2 protein chains.
Amino acid sequence: MPVFVVVGHRVNTDGLFTLNDLAGSTGRLDILLRCVNSTFFLSNDIRRDAEIYLVLLGEPDAPKTIRFAGSEIKYLNPDERSTAALVKNALMQNVGAGEEINTSPGVYVSRRGLKEVLDVFEGRKFIHLMEAGTPINNMDLDDDLIVVLGGQYDLTEDEENMVKGHEPTPISLGPNKLHANHCITIFLNELDISKQ
Amino acid sequence: MPVFVVVGHRVNTDGLFTLNDLAGSTGRLDILLRCVNSTFFLSNDIRRDAEIYLVLLGEPDAPKTIRFAGSEIKYLNPDERSTAALVKNALMQNVGAGEEINTSPGVYVSRRGLKEVLDVFEGRKFIHLMEAGTPINNMDLDDDLIVVLGGQYDLTEDEENMVKGHEPTPISLGPNKLHANHCITIFLNELDISKQ
């Protein structure tokens with residue numbers, strides 16, 4: 001199963017933001033919402049065999065991680081606002097250290113940071129997306145892959161080193177540097193093609 | 001220059017909708033907003049050499065077409081709400097038959113329907129995206145292409161016939177049927193790769 005991990009360095013962590021200003025008042029949660037859309041939506045279907053972790057590192061209660069599990073998701077729509085409502089609801093729940101709680105079908109919240117999330121996948125195949133990587137259409141990909149992405153900002157050097165600890169394979173999607181949600185869309189389509 | 005034409009069969013045409021309910025109150029304008037995002041946004045840049053036409057066919061004042069011209073765009077942000085505000089503003093202007101008026105930098109409104117928009121590109125190369133087309137990564141593409149897509153719904157038979165009148169080349173992006181915005185993201189990335 002492809003798993004995406006997207007870091008929101010400034011994204012709000014208590015859910016006390018307005019749904020009417022997602023790009024302005026949330027520390028750019030909107031970027032991560034578009035990543036959720038790209039992870040799950042096909043034209044008339046949902047990708048049940050995919051997951052995304054949103055690692056939120058902004059004020060005032062970081063870190064928190066929201067996990068969307070495609071196999072269980074029920075009330076997901078493709079627009080930013082309705083997905084933001086699911087995230088807001090998850091962030092407003094009381095969650096203790098070391099636990100992960102279910103806040104709506106297929107949506108979970110925990111107090112994990114990036115390192116704890118990556119450790120879940122210890123021993124699995126990690127992908128490092130970079131313009132200098134191997135072109136993805138030359139790769140023979142199975143789909144049991146972990147892809148770590150920055151949201152508004154690139155990963156910090158510390159975060160890059162956490163990913164490198166999992167010996168990622170460098171892959172290039174194309175010549176341009178793209179938004180995280182566009183990377184996810186292209187990556188999943190290439191997986192679809194390589195499974196044909 | 002790649003040009004995308006996306007049909008919003010039910011999308012509101014007078015701009016009298018709330019920005020707080022884009023998926024519910026607009027006839028699914030949200031789908032077309034994501035297409036605008038996919039057409040223009042690179043990680044830290046805008047694709048200046050791209051255009052998108054949103055052909056709106058919903059109540060109460062159809063047809064109207066909103067054109068976004070990458071070469072002129074100034075106030076475009078990647079989130080749905082701020083792009084919706086540009087569309088709402090364009091729809092609320094008085095525009096007469098046969099004219100196209102500029103409503104903000106790079107944004108235009110006219111009373112054209114699909115046929116009139118396609119006729120602008122008479123003699124240019126049209127692309128028909130379909131699962132049974134030639135795989136895009138086997139094509140040698142120049143980027144002077146017109147791609148016509150349905151938004152919430154597939155093109156009707158009449159609309160399909162309008163496109164077929166321009167002798168489109170059938171191209172496949174992959175095995176799954178995808179949302180229009182995801183098609184645009186993948187298509188542009190393939191153009192980037194073929195220009196390398």
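Coordinate-derived values only; no laboratory data. All values derive from a computational prediction rather than experimental measurement. Glycine gets a Cβ as well: all are built from the backbone with ideal geometry, and neighbour counts include every protein chain shown.
What is the Rg over Rh value, at two decimals, for the range A:113-185, using alpha-carbon atoms and the Kirkwood definition of Rh?
0.94
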**Fill in**
In the range A:3-194, taking the dipole from +1 charges on Lys and Arg beta carbons and -1 charges on Asp and Glu beta carbons about the Cα centre, the listed residue (A:70, A:148, A:114) farthest towards the positive end is A:70
**Request:** Note the distances from residue B:160 to each other copy's matching label point, with points 7 Å along the Cα-to-beta-carbon direction, in nm, sorted shortest first.
**Result:** 5.0
**Item:** For the range B:1-112, convex hull volume per residue from C-alpha positions, Å³
**Value:** 86
**Request:** Quick one: check the C-alpha center-to-center distance for the range B:138-190 versus the range A:40-99, whole angstrom.
**Result:** 31
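What dipole magnitude, in Debye to the nearest 20, does the protein assembly as shown give about its Cα centre under +1 on Lys/Arg Cβ and -1 on Asp/Glu Cβ? Could the numbers behind the result be given before it?
Numbers: 36 positive and 58 negative charges, 139 e Å.
Around 660 debye, computed over the protein assembly as shown.
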**Message:** Taking the number of other C-beta atoms within 10 Å as the exposure measure, put A:177, A:195 in order starting with the fewest.
**Reply:** A:195, A:177
**Complete:** Restricted to the protein assembly as shown, the DSSP antiparallel beta bridge percent, nearest 5, is 45
**Prompt:** Over chain A, what is the mean sequence separation of C-alpha contacts under 8 Å (at least six apart), divided by residue count, expressed as relative contact order in percent?
**Reply:** 26
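Would you kindly work out the equivalent ellipsoid of the range A:3-194 from its C-alpha gyration tensor and give its semi-axes, the square roots of five times the eigenvalues, largest first in whole Å?
Details: eigenvalues 127, 68, 51 Å².
Each semi-axis is √(5λ); the values are 25, 18, 16 Å.
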**Number of partner chain Cβ atoms within 10 Å, mean per residue of B:171-181** = 5
**Message:** With bins 20 Å wide starting at 0, give me the P(r) of the protein assembly as shown over every alpha carbon pair, in whole percents.
**Reply:** 29, 57, 14, 0
**Prompt:** For chain B, what does -39500 (n - 2.57) per DSSP helix run (n ≥ 4), summed and divided by total residues, give at 222 nm, in deg cm²/dmol to the nearest 500?
**Reply:** -8500 deg cm²/dmol
**Request:** Provide the packing ranking of B:48-55, A:28-35, B:34-41, i.e. peptides ordered by the mean count of other C-beta atoms within 10 Å per residue, highest first.
**Result:** A:28-35, B:34-41, B:48-55
**Item:** Peptide-level mean, for A:30-43, of C-beta atoms on other protein chains within 10 Å
**Value:** 3
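List the GluC sites (Glu not before Pro) within the range A:79-138 that DSSP assigns to loop and that have no more than 14 neighbouring Cβ atoms inside 10 Å. List each step's numbers first, then the result.
Values: sites: A:80, A:99, A:100, A:116, A:122, A:131; in loops: A:99, A:122.
Sites meeting the loop and neighbour criteria: A:99, A:122.
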**Request:** Could you work out the Rg to Rh ratio of the range B:1-46, with Rh taken as the Kirkwood radius (inverse of the mean 1/r over all Cα pairs)?
**Result:** 1.04
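Rank the residues A:128, A:182 as a footprinting-exposure proxy: fewest other Cβ atoms within 10 Å of their Cβ go first. Mind showing how you got there, number by number?
Working: A:128 19, A:182 28.
The fewest-first ordering by Cβ neighbours comes to A:128, A:182.
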**Request:** Enumerate the aspartates and glutamates that residue A:195 could reach by cross-link, defined here as Cα to Cα under 16 Å, with residues fewer than 8 away along the same chain left out.
**Result:** A:49, A:140, A:142, A:143, A:144, B:131
**Prompt:** In straight Cα distance, which aspartates and glutamates are under 16 Å from residue B:164, not counting same-chain residues fewer than 8 positions off?
**Reply:** B:116, B:119, B:122, B:154
**Request:** Apply 1/(1 + (r/R0)^6) to the Cβ-Cβ distance of residue B:100 and residue A:77, taking R0 = 35 Å, and write down the FRET efficiency to the nearest 0.05.
**Result:** 0.60
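Normalised radius of gyration for the range A:88-151, please: alpha carbon Rg relative to 2.2 N^0.38 Å, two decimal places.
Values: Rg = 15.7 Å, N = 64, 2.2 N^0.38 = 10.7 Å.
Compactness ratio reported: 1.47.
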**Asked** What angle do you read, to the nearest 10 degrees and between 0 and 90, between the alpha-carbon axis of helix A:180-194 and the longest principal axis of chain A?
**Response** 40
